[in-house]
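First comes the structure, then the notes that go with it.
The values are calculated or read from the model by the stated rules, or taken from the named source; none is laboratory data. No experiment lies behind these values; they were computed from the predicted model shown. FYI the Cβ positions are ideal-geometry reconstructions off the backbone, even for glycines, and counts take in every protein chain you see.
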Amino acid sequence: MLPAYQTEGSSGMDLRAWLPEPVTLQPMARKLVPTGLYIALPAGFEAQIRPRSGLAIKKGLTVVNAPGTIDSDYRGEIMVAIINLSGEEQVIADGERIAQMIVSKYESVVWESVAELEETDRGAGGFGHSGIK
């Protein structure tokens, strides 16, 4: 089944499991779940595979490497790395919506080594430096 937006305002397309039989995941178990999809993205684009919030909150299932990246030169099947973070076994059925995919344009960069960086007001402040309110 092709990826599909569930609502007009959705940014991610839902991906569905493509399974000959249901998959059972024990607590903390990981599994690559096939989707039956193969795509060819144009150069300068990537697809990001992200968790579905409903699956995460209802079943404790999420994407291990979120977001997963599919590069424009990848031609294999899209597989979703799912982990069961709940305390009970979870079953994934054929056709179940398991993740969402967002296609984005990106820029390639060329790095330049420098001795020091230009100063900013923030400087090296990070990890809560700008406050919590």
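Determine which single condition A40 fails, assuming it passes every other condition in (1) within 22 Å of A4 (Cα to Cα); (2) buried (at least 17 other Cβ atoms within 10 Å of the Cβ); (3) hydrophobic (A, V, I, L, M, F, W, C).
(2) is the only condition that A40 fails.
Looking at V114, V91, which one is at pLDDT 95 or above and surrounded by 10 or more Cβ atoms within 10 Å (Cβ to Cβ)?
It is V91.
Output the number of residues of segment 84-133 satisfying the condition of being in contact with a helix residue (DSSP H, G or I) (Cβ under 8 Å, 6 or more places away or on another chain), part of a loop (DSSP other than H, G, I, E, B) and either of a type in the set (F, W, Y) or touching a residue at least 60 places away in the same chain (Cβ under 8 Å) (or both).
Residues meeting the conditions: 0.
Only residues that are β-branched (V, I, T) and over 30 Å from Y5 (Cα atoms): list them for segment 77-133, please.
The answer is V109, V110, V114, T120, I132.
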